[in-house]
Amino acid sequence: MKKLALSLAGAAFAAGALFAVPAAAQFAKVEDAIKYRKAAFTIMGANMGRLSAMARGDRPFDAAVAQAAARTVDMAGHLPWEAFVPNSAAGDTRLKPEGLANAAEVKAAADKMQAETAKLVTAAASLDTLRTQLGAVGASCKACHDKFRKD
Ligand code: HEC
């Protein structure tokens, strides 16, 4: 019994140590971080595209499909930020160096977007509310792109 308790304590310690590792250490190489964040942004963009098609009437509105897309945008919107690691504004990326130098501003822009995508899930239940909230989300994406993404 004592042995079990000790090994549990050991496991808890190991888990704690794991979570204490800084975000940059989650990626073996800077290129991996760039790929990771671009993958998350690609998923956000693809699902925003599905929602825009419904909002424009290019695709029939379906509340279940819209809410699933909205949930994916909301979930993926939490992923890119840990991949804004040092030295990752060079290479196969459109991140401006300002995006690394102004981490607090990027975080504020990400927080603002997350607040809007959280509302998108409920809004996607009807076409009218989807249209309105999609505009708010799109504006929050654009605000950051205008500042921190190269054309
Ligand atoms: C806080 C800043 C920020 C917010 C908010 C943001 N983006 Fe981006 N986005 C970026 C940056 C920086 C890049 C460039 C990433 C790179 O090339 O490394 C990018 C790249 C992209 C790309 C291109 C991905 C690729 O493979 O090149 C798409 C698509 C995209 N964003 C969609 C979105 C959508 C949709 C939203 C809103 C739901 C959004 N972004 C919100 C900063 C942001």
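The values are calculated or read from the model by the stated rules, or taken from the named source; none is laboratory data. Since the model is a prediction, treat every value here as computed from it, not as a measurement. Virtual Cβ from ideal backbone geometry, glycine too; neighbours counted across all protein chains shown. The area values use the complete protein model at the heavy-atom level, side chains included, leaving out ligands, DNA and RNA. Shrake-Rupley method; radii C 1.70, N 1.55, O 1.52, S 1.80 Å.
Observations on the structure shown:
- Out of Asp92, Asp74, one residue alone is touching a residue at least 24 places away in the same chain (Cβ under 8 Å), surrounded by 14 or more Cβ atoms within 10 Å (Cβ to Cβ) and of a type in the set (Asp, Glu). It is Asp74.
- Scanning region 27-61 for residues that are open to solvent by 40 Å² or more (accessible area, probe 1.4 Å) and closer than 15 Å to Asp128 by Cβ gives Arg56, Gly57, Phe61.
- For first residues located in region 100-127 and within 10 Å of the ligand (Cβ to nearest atom), partners that are basic (Lys, Arg) and lie 6+ apart or on another chain with Cβ distances below 8 Å form the pairs Glu105/Lys147; Ala109/Lys147.
- Taken over region 128-143, the criterion of being without any contact (Cβ under 8 Å) to a residue 40 or more places away in the chain and of a type in the set (D, E, K, R) is satisfied by Asp128, Lys142.
- Selection within region 62-71: residues that are without any contact (Cβ under 8 Å) to a residue 40 or more places away in the chain and assigned to a helix (DSSP H, G or I). The member of this set that is surrounded by the fewest Cβ atoms within 10 Å (Cβ to Cβ) is Ala64.
- Only one of the numbered conditions (1) in a helix (DSSP H, G or I); (2) within 9 Å of the ligand (Cβ to nearest atom) is not met by Thr93, and that is (1).
- The condition (being closer than 16 Å to Arg37 by Cα, β-branched (Val, Ile, Thr) and within 9 Å of the ligand (Cβ to nearest atom)) is satisfied by just one residue among Val73, Val137, Val85: Val73.
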